[in-house]
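Heads up, the thing below is written out as structure tokens.
The values are calculated or read from the model by the stated rules, or taken from the named source; none is laboratory data. Since this is a predicted model, take the numbers as computed values, not measurements. Quick reminder, even Gly has a Cβ in these numbers, built from the backbone with ideal geometry, and neighbours come from all protein chains shown.
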């Protein structure tokens with residue numbers, strides 16, 4: 001495990017940019033509920049919880065945003081009759097299928113729009129853990145510890161091509177035929193962690209590396225928002241704090257933004273951001289920001305009042321694990337964790353007023369996906 005030392009004091013000044021939203025004429029595939037053991041409404045949401053290390057308690061809960069169906073705490077088990085496994089890393093939606101990376105149990109799965117498993121790719125005992133996933137067209141791309149990126153058929157999850165390079169790979173984003181991959185860290189000698197500063201740019205067609213971009217140490221999470229790429233580097237868990245950076249894929253420029261932990265896109269020309277800061281006494285404070293994403297200009301935003309109007313006071317010091325926006329309604333979902341009991345989901349409406357709170361269904365809720 002990586003050392004979890006967070007001795008830093010941070011100022012959260014947020015500088016973010018965006019471009020115009022690209023539109024697509026592609027039609028969204030119909031929902032596929034074949035094999036479902038329960039009837040689900042047309043609008044549905046799935047919450048992935050990673051579980052606890054070694055607990056074999058990762059899972060996916062089902063939630064109906066319109067309140068027209070009951071909450072199901074483990075829809076994966078309900079639909080497939082088995083537990084999902086150990087330490088789920090990430091879940092994405094692509095063409096109304098769910099793709100889930102389960103790192104501890106070392107597999108990637110494709111579920112239909114009701115959570116019924118359709119295909120699986122498992123990794124051997126000698127292979128590195130799968131870590132992150134992105135999808136484009138007929139393919140999904142999966143990073144691995146040990147320096148691999150797999151290009152998989154999006155339907156069958158069969159291997160189409162493999163890139164080998166780097167050390168322990170984390171986040172991945174596909175943009176305009178290129179894969180941007182976080183080459184996070186390596187281990188030397190007897191457990192000495194060396195944190196890299198590299199984002200590898202790989203041609204998605206040839207699976208060959210084209211160049212490297214330099215970012216803050218230990219890049220891990222990556223997001224694609226309005227054709228811009230955002231990189232969250234975790235730093236070295238000591239004097240180098242976590243940093244959010246932006247990559248302009250058209251120019252290759254990397255722009256340092258701020259200390260931050262989460263960023264997601266709203267449906268109202270805003271980016272929603274959370275900055276979590278520890279001081280030298282291990283006291284945590286969270287700052288919540290909204291950022292304009294419509295003027296196409298880089299601007300500076302200084303920390304101030306939270307965009308959540310009536311959030312509970314516990315938010316000031318809670319571990320914020322999930323931040324998602326329902327693009328159809330504008331509702332904001334925030335998930336918290338204490339690492340040992342089921343997480344809690346807070347739902348705010350589009351005007352940032354708290355409207356409900358509910359149990360996440362499992363430990364460490366980290367991702368929420370909406371399908372209709």
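Here are the numbers:
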read-out: Number of positions in the stretch 47-95 that are outside any loop (DSSP other than H, G, I, E, B) and in contact with a helix residue (DSSP H, G or I) (Cβ under 7 Å, 6 or more places away or on another chain); value: 5
read-out: Residue that is farthest from the chain's Cα centre (by Cα) [pool: residues in the stretch 317-327 that are modelled with pLDDT under 95 and assigned to a loop (DSSP other than H, G, I, E, B)]; value: 317
read-out: Tabulated pairs, the stretch 229-258, first on the phi > 0 side of the Ramachandran plot and surrounded by 15 or more Cβ atoms within 10 Å (Cβ to Cβ), second modelled with pLDDT of 95 or more and in a loop (DSSP other than H, G, I, E, B), C-beta under 9 angstrom, 6+ apart or interchain; value: 235/216; 235/217; 235/218; 237/218
read-out: Candidates 85, 103, filtered to the one that is crowded, with 22+ Cβ neighbours inside 10 Å and under 15 Å from residue 121 (Cα atoms); value: 103
read-out: Filtered residue count, the stretch 347-372, keeping only those that are farther than 18 Å from residue 265 by Cα and assigned to a strand (DSSP E or B); value: 7
read-out: Only one of 171, 235, 189, 137 that is over 27 Å from residue 275 (Cα atoms) and either touching a strand residue (DSSP E or B) at 6+ places or on another chain (Cβ under 9 Å) or at pLDDT 95 or above (or both); value: 137
read-out: For residue 51: the one exception among (1) over 19 Å from residue 342 (Cα atoms); (2) modelled with pLDDT of 95 or more; value: (1)
read-out: Matching option when the condition is closer than 18 Å to residue 368 by Cβ and either surrounded by fewer than 18 Cβ atoms within 10 Å (Cβ to Cβ) or in contact with a strand residue (DSSP E or B) (Cβ under 8 Å, 6 or more places away or on another chain) (or both), among 93, 117; value: 93
read-out: Residue under evaluation residue 126, criteria (1) out of contact with any strand residue (DSSP E or B) (no Cβ under 9 Å at 6 or more places or on another chain); (2) under 18 Å from residue 366 (Cβ atoms), criterion not met; value: (2)
read-out: Residues being assigned to a loop (DSSP other than H, G, I, E, B) and either modelled with pLDDT under 95 or surrounded by 15 or more Cβ atoms within 10 Å (Cβ to Cβ) (or both) - total across the stretch 147-161; value: 3
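Table: residues versus (1) more than 18 Å from the chain's Cα centre (by Cα); (2) closer than 18 Å to residue 370 by Cα.
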| position | (1), (2) |
| --- | --- |
| 36 | yes, yes |
| 42 | yes, yes |
| 45 | no, yes |
| 52 | no, no |
| 59 | no, yes |
| 69 | yes, yes |
| 74 | yes, yes |
| 77 | yes, no |
| 80 | yes, no |
